[in-house]
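The values are calculated or read from the model by the stated rules, or taken from the named source; none is laboratory data. Not measured: the values here are computed from a predicted model. A quick note on method: Cβ atoms are made from the backbone with ideal geometry, for glycine too, and the neighbour counts reach across all protein chains shown. Please note that ligands, DNA and RNA were not included when accessible areas were found on the heavy atoms of the full protein model with its side chains. Shrake-Rupley method; radii C 1.70, N 1.55, O 1.52, S 1.80 Å.
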Amino acid sequence: MAAVGGSFAVCLLFLSCSLAVKDVFHEELFMRPLKTGHVYAHFQFTTVWDVDIRDSKAFSHYNLFPKSFGQIINQYSVEELHLSLTQGQWQHEQWGYPVTSAPPGAELWVWFQDRVEESVDENWSGLTQALSGQFCASLNFIDSKTTTSPKLSFRREGVASAAGTNSSLLRHAALPRELVCTENLTPWKKLLPCDSKAGLTTLFYSLLLYSVNYHSIGVHLRPICQDPSCSQFSVELVQSLSMVLDPLLRGGSKFDWSFKRLFGRPIKSACPLATTSKVYVDISSNKSGSEFTVSPAFSTVSRQVTQQHQQHFAMYDVKQIINPSVSESTLNVVFKWKRRATQGIPPQLYAQRFVTGYGEEKGGITSLIHNRHPTDPLPVVYFATFPWFLRIFLHTLTIKSAGKDIKPDIIHVTPAKDRMRPYTLEILLTLPANSVTELSIQFHKGFLKWTEHPPDAHHGFYISSAVISTKLRSPLNYTGPSRQSSLLFPSDGTTPGEEVFLCLHTEILLISLPTPDFSMPYNVICLACTVMAIAFGSFHNLSSRRFEAVDSTKSTGLIGKVKAMLAKLKGKIFGKKKEEIPEEKKAN
Amino acid sequence: MRGTLLLIPCLLVVVALVTLTEGKFVASKNQDQDTDNHGLDTHEHESHDNESHEEDEEEEEGSFDSERAASGSGAKDANVGYPGYPYPSPYPAPYPARYPAPYPSPYPYPAPYPYPYPAPYPSPYPYPSPYPSPYPTTPRTIILPQKITKRKKRRKKGEEEIQRQERQRRQEGKGKLKRKETTFASRLFLIYSPVKDWLINRIELSTPLTAWNRVQEGLSLVKHGVSPYSGDVVHETPLVLAVFLGLQEVSELLFPLLFVVGDLLVGWLLYKLASLHSQMLLKEQTLNLKSYANYLLNPYTIGSCVAHSTVIFTNVAVATALLFSLRGSILLSTLGVAIGTYHSLYPVTLLAPVILILMKVRCVDIEFNKKTVMFVSQVVASFIVWTVLLLGMSYHVFKSWDFLTATHGFILQVSDLTPNMGLFWYFFTEMFEHFRIFFLWVFQINAFFYCIPLTIKLRDNPTFLACMLCSVMAIMKSYPALGDTALPLALLALWMHIFPYLRNTLMVTCMLLCSSFLAPVFWQLWIYAGSANANFFFAITLAYSTAQILLTSDVLFAFLRREYDLHHGIYPPIMQGEPASVILR
C-alpha cells in the first residue's frame, strides 16, 4: 500500500515537473446572519494558475483550471472577464454589501488583450456566443444594441499595463431579463475540479438552492501577480455563488439555522484537490456572546477594519474537521439566536431607482443615492445604459440634493443610435455628506416595429440596472477579498487596504412601450395603400386628361354601350321608331 | 329619347344650311361684334394677365360664336318660324336657292315643333341662362354687374386713382394691423403660458424632425461636447441649431420670441405674396388679401408656433421663394427654395414652379430655345450654389458630415415610427421586413413624383402649381404635422375665385374638423387610457390625409374646370339640343 502510494507521489511529482506550471484550488464558504433574519451564504472557489494569460501557448495543458473555459478565453484573447447570472435584487439598505455585487439578470464585462485592439468587436461577439454555449445562458442575445464601453466604471481588477486602461478594450453588457436556473448551475459546477462530488459543492441541493431571496452565480477571471515584485503573472479564476436564504422558508418558526436546515445536508467531505477548504461565519455583531451562539467549536479570525472597529469570524477548516478515516464525520454548523437586534447600521452608500410618469408616451427615471456618512462627501460614478427605444433627453437631467443643484464633475454621454447602440450616461459627481441626491432624467418612448416586440409585448421592456462605483473608506459592513489576495481570508493575515472599491447595482426597471395592433398588418397596408391610390388616381386623372364637352345624352363606357344595344334591340322588336327615321331619310 | 330623335332632323337641316350658306359668315361676324362689348367685359374679367392671350381667346370665342350665329341664321332662313326674331337677315342670299319653286323650303313640311330656344343667340353671355345650369353653383357671381361697372370706372380713372386706391389699401392694411397685433398678442400669451408645455409634446404638431425638445437636446449635447448627430434623437439641421446656439448666448427667453416673429414673418411674406399675385393675376382688381390672415389666424399655425415647431423655418423659406419669384428675383427665390430643401428636403419640388414663375415674370417663353435653356440653367445653377453654400456652412458648424444622415437621411429612411398626421408611421410599423425597402421607395418616389405631371399640366399657372405642390408635400412627406398644412391652406386663399367650382367642400371640411378634434382624443385613449389601440389613431390620420387629398384634387379640378370655362364660356355648348356635359377625357 505504502509502495503504491509512494510511486503515485513520484508520478505526480514527475508530472508537475514536466508541465512546469503550478495551479492551486481553494474553496471557501462565508456565512453572515443578516439583521432581517436572513442568512447570506457566499461560496467562493478560486483556481490560481501560474501562467501568463497573454501566453497563448501555455493554454494547451490543463490541470485544475477548466479546459473548456481556458480554450474560450484563449481563443478570444480575453484578459479579464466578469460574468454574473443573478436572480433577485440585493437589498443594500437592509443587507449591507455583498462580497461581489451583481445586477438581476446576466451581466458580462470583459477586458480584451491589447493585441486584438482592432478586432475587439468580433472577439466580443464570438465570446458571447461561446459563453452562451458554455453556461447555457442567453448571452448570445448580447449585440451592439446592449453593448457599451464605459469610460469610468468597470476598471480592471487585475494586473494592468499603463496602456491597458483604454476603455476601447472594454465591453460591457447586461441582460436584465435573463432568468437563472439549474441549467446554468450545472455547467458552472462542471468547471470546478471536484464538480459537486466532494467538498463544499456537495451543499448544492438544487431544490433548495433556488428557493431563496437572492441567488447569484459568478465567474471572474483576472491576471494577478505571483509575487509582490510582480515579475511573473498568474491567472485567477474565481467562481462564486452567493445567496440570501430565509430560514423561515426552510420550516420552523425561528430564524435559527444550520447547514442541514438551509442546504438539506451537512458538509461530508472536503475537495481532495483543494489546498484550502474553509467555512467562515461572521460573528462580529455577537458582542460578548449575548446575541447568538454558533456550534460546533471554532477558531476565531479577526480583521481590523478601522482603529476602533474589528470584525470577527468563526472559522472551520473542513480538511481538519472531516477525517477521512472516520466514516461518519460531518460538519454541520448550527446557529441559534438569543436576542435578535432588528436595527442595524445602514451602509454608508446605497441607492434606489424607479420610473416616474404615466402613460405610454413619456416618462422619467429617478435615482436616489444616499450618502450616510456624517461628515465626508463622497465622489461616485453613476453609470446607466438605456435601450435605444427610450429617447433620453439630456437637457432634462437634473441632479439635486436637498433642493440644491449639484454640478457633476464629469459627464460622458454616448447618444443612442436606432437599432444600433444604447444610450450611455456616465456621471462623476460628489455626494454631499449625510444627504440624499436625486438624479432624474426624462425620456420619450419610442415606437417599435411590430416585429421588434417580444411575444408578450405588453409585459414591457427591462432597463438594466445603473451601476454606482466608488471607493469607500473603511466600510463597516463590507466583507470581501482585498484586491491583492485570491482568498476571502488570506492566511498570511494581511488586512485589506484602507480604501475599498465598491460597486452597487440598482434595481432593474420595467417599462411598457406603446404597441401597435399585431393582428392586422395586412389591413393597415391595404388601407394606407388605398389612400395613396386615391391620391395617385385623382392626380393622374386630372393631369392626364382634359375637359371636353360631350353629348350628355350619349353615355359612354360599357354601360352606355349596353344601353345603346338595348335601345337598338327595343327598336328592332317594336319597330316603332325604325319607321320614322327612314321616312325622314327618304324625304331628304 | 324621343326628343333627341326629333332633334336629329333639325340638326341635319342646320348643318346642311351652314354648309350652304357659307357666305353668311360675314354677317354672323358682324352680329357677333354687336354684342361684343358685353362679351369683352366678361372675358377681361376672367382672363389672365397678358393681353395677347386675351386676344387669342377673343378670336377663338369669336369663331365659336360665329358658328353658332351661322347656325342660328341658317335656322331662320329655313323658316322654322320664329315670329319674334327681331331682324331679318340684312343680306340677300348670295346663292340662288338650291331648290326651285315647288318647294318653298327644303323641308317638305314645317318643323313638327317649335325650336325650344328663343333665339339662336350669338353669344350666350349677356343673357341670363335659358336653362338651369348643370353646375351646383354657377360662376355667375363673378360677373356681378356692380363689379363690371366698378372695373370700367377704374379703367377710366388714371394712375392717380390707382395710387389713391393703393393708399386706401395701405390704410386698410393698418386697420388689419390691429388684427396682426391680436395674433401677435395671442401667440405671446400662449407661448409664455403653461399651454406651451402641453402643446410641445403633441405629436400632431411636432414630428421628430421639428420637435422642440429635440432641438433642446441638440443644444444640450453641444454644450456637453457631444456631436448632436452622433445619436438618433436630434434631426434638426446644423444651421438652425447654430441660430439657437447664438440666441442662447444672449438669452433663452428669446426662443419663443423667435418663433412668434418667424410666424409673423411668414404672415407678412404671404401678405406681400398675395398682393403681388393679385396684381399679377388681375392687374387692377383687388383680390381679397386674406391669405396672411388665413395663415396667422389658423389654429394649426398658432399651435405649431406655440409648440416651437421648427417647421416655421420651412414655411418662411417657401413663402420667401414664392414672393421673390413673383418679384422676379432669381437669387432670393432660389435661396428660399434652397433653405426649404436644406431644412426639410421636400421643397426641392418647388424649384419647378419657381422657375416657371420667374420665366413668366421675365417674359421668357416656355419653349425649347437657347434663351429659355440659358435662363433655366441660370436658375438651377443659382439653386445649386445656394444649396452647396448652405451645406458647406453646416459642415463648418460641427466639422462633420454626420448631419446629412441625421437630417436628410432620416427624412428618407423613416427610421423613427413615432405617430404623426401622415401615412408613413403605421404603414412602416406594420410592414413586413423584407418589403420595407420596396415600399419606402414607392412612398418616397410618390412624394416627389407629383411634381412632374403637375408641372406639365399647370405650366401656364406656376403660382397655382406652387400651391398644389405645397399641398402634395404636406400630405406625402414622411413626417407631416398640422403646421405643414397651414401654408397650403393659406395659399389657397389666393384662389378664392375658384371656390365656387369645388365639389365636396362640405365633406372635406367635416373630415378635417373631425380629424383635428378626434386626433388628441384617440391619442389619449390609446396612450394614456389604454382603452383604444393604435388603429384608432391610425384611422384619424387616414381620414386627415384623405381629406387633404380630396381637397387638393378638388382644388385642382376646380382650377382646371374654370380654365375650361374661361376658354369655352361658362355655358356648355349645345349638343343635340341639350347642353353638353363637360367631362374629363
Exercise for the section: Report whether or not A:THR451 is within 10 Å of another protein chain (Cβ to nearest Cβ), open to solvent by 30 Å² or more (accessible area, probe 1.4 Å) and not in a strand (DSSP E or B). Expected result: yes
Practice task
Kindly indicate whether any position in the stretch A:145-162 is in a helix (DSSP H, G or I) and free of Cβ contacts under 8 Å to residues at least 24 places away in the same chain.
Solution key: yes
Exercise for the section: Can you confirm whether the stretch B:428-436 contains a residue that is within 19 Å of A:SER538 (Cα to Cα), crowded, with 16+ Cβ neighbours inside 10 Å and within 13 Å of chain A (Cβ to nearest Cβ)? Expected result: no
Completion exercise
Per the list (1) outside any helix (DSSP H, G or I); (2) at the interface with another protein chain (Cβ under 9 Å from one of its Cβ atoms); (3) open to solvent by 30 Å² or more (accessible area, probe 1.4 Å), residue check on B:ALA539 breaks on (1)
Fill in the blank from the handout: Those residues of the stretch B:315-340 that are out of contact with any Leu (no Cβ under 7 Å at 6 or more places or on another chain), open to solvent by 10 Å² or more (accessible area, probe 1.4 Å) and not hydrophobic (A, V, I, L, M, F, W, C) come to a total of 1
Exercise for the section: For the stretch A:306-320, state whether one or more residues are open to solvent by 30 Å² or more (accessible area, probe 1.4 Å), in a helix (DSSP H, G or I), at pLDDT 85 or above and not hydrophobic (A, V, I, L, M, F, W, C). Expected result: yes
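Residue under question is B:TYR564, and the condition is that it be more than 20 Å from B:GLY483 (Cα to Cα) and facing chain A (nearest Cβ under 8 Å); does it hold?
When the stated conditions are applied, B:TYR564 passes them.
For the stretch A:356-373, state whether one or more residues are over 23 Å from A:VAL500 (Cβ atoms), away from chain B (no Cβ under 14 Å), in a strand (DSSP E or B) and open to solvent by 40 Å² or more (accessible area, probe 1.4 Å).
Going through the stretch A:356-373, the residues over 23 Å from A:VAL500 (Cβ atoms) turn out to be A:356-366.
Next, only the ones that are away from chain B (no Cβ under 14 Å) stay: A:356, A:365-366.
Then drop every residue that is not in a strand (DSSP E or B), which leaves A:356, A:365-366.
If we keep only those that are open to solvent by 40 Å² or more (accessible area, probe 1.4 Å) too, we end up with A:356.
Within the stretch A:356-373, one or more residues are over 23 Å from A:VAL500 (Cβ atoms), away from chain B (no Cβ under 14 Å), in a strand (DSSP E or B) and open to solvent by 40 Å² or more (accessible area, probe 1.4 Å).
When only residues in the stretch B:396-422 that are free of Cβ contacts under 8 Å to residues at least 24 places away in the same chain and surrounded by fewer than 21 Cβ atoms within 10 Å (Cβ to Cβ) count, which is nearest to B:VAL222 (Cα to Cα)?
Result: B:LYS399.
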Completion exercise
Going through the stretch A:341-355 in order, the residues found to be open to solvent by 70 Å² or more (accessible area, probe 1.4 Å) and either in a loop (DSSP other than H, G, I, E, B) or modelled with pLDDT under 90 (or both) are A:THR342, A:GLN343, A:ILE345
Problem - Unique residue being of a type in the set (Val, Ile, Thr) and modelled with pLDDT of 95 or more when the list is B:THR505, B:THR485, B:THR463, B:THR546 - result: B:THR546
Exercise for the section: Quick one: in the stretch A:409-421, of everything that is under 19 Å from A:SER440 (Cβ atoms) and open to solvent by less than 30 Å² (accessible area, probe 1.4 Å), which residue is nearest to the other protein chains (Cβ to nearest Cβ)? Expected result: A:PRO415
Completion exercise
Scanning the stretch A:103-120 residue by residue, those within 13 Å of the chain's Cα centre (by Cα), open to solvent by less than 10 Å² (accessible area, probe 1.4 Å) and either of a type in the set (A, V, I, L, M) or over 12 Å from A:HIS172 (Cβ atoms) (or both) turn out to be A:GLY105, A:ALA106, A:LEU108, A:VAL110
Problem - In the stretch B:180-206, the residues that are closer than 27 Å to B:ILE475 by Cα, in contact with a Lys or Arg (Cβ under 9 Å, 6 or more places away or on another chain) and more than 9 Å from every other protein chain (Cβ to nearest Cβ) - result: B:SER206
Exercise for the section: Taking B:VAL306 as meeting all but one of (1) closer than 15 Å to B:VAL261 by Cβ; (2) at pLDDT 95 or above, write down the number of the exception. Expected result: (2)
Completion exercise
By residue number, the members of the stretch B:216-239 that are away from chain A (no Cβ under 14 Å) and open to solvent by 10 Å² or more (accessible area, probe 1.4 Å) are B:LEU239
Exercise for the section: Determine, yes or no, whether B:VAL442 is open to solvent by 40 Å² or more (accessible area, probe 1.4 Å), closer than 15 Å to A:MET532 by Cβ and assigned to a helix (DSSP H, G or I). Expected result: yes
Handout entry: Of the criteria (1) at the interface with chain A (Cβ under 9 Å from one of its Cβ atoms); (2) in contact with a helix residue (DSSP H, G or I) (Cβ under 8 Å, 6 or more places away or on another chain); (3) under 30 Å from A:GLU360 (Cα atoms), which one B:SER531 fails
Key = (1)
Practice task
Assess whether B:LEU506 counts as being under 27 Å from B:THR310 (Cα atoms), away from every other protein chain (no Cβ under 14 Å) and not polar (S, T, N, Q).
Solution key: no
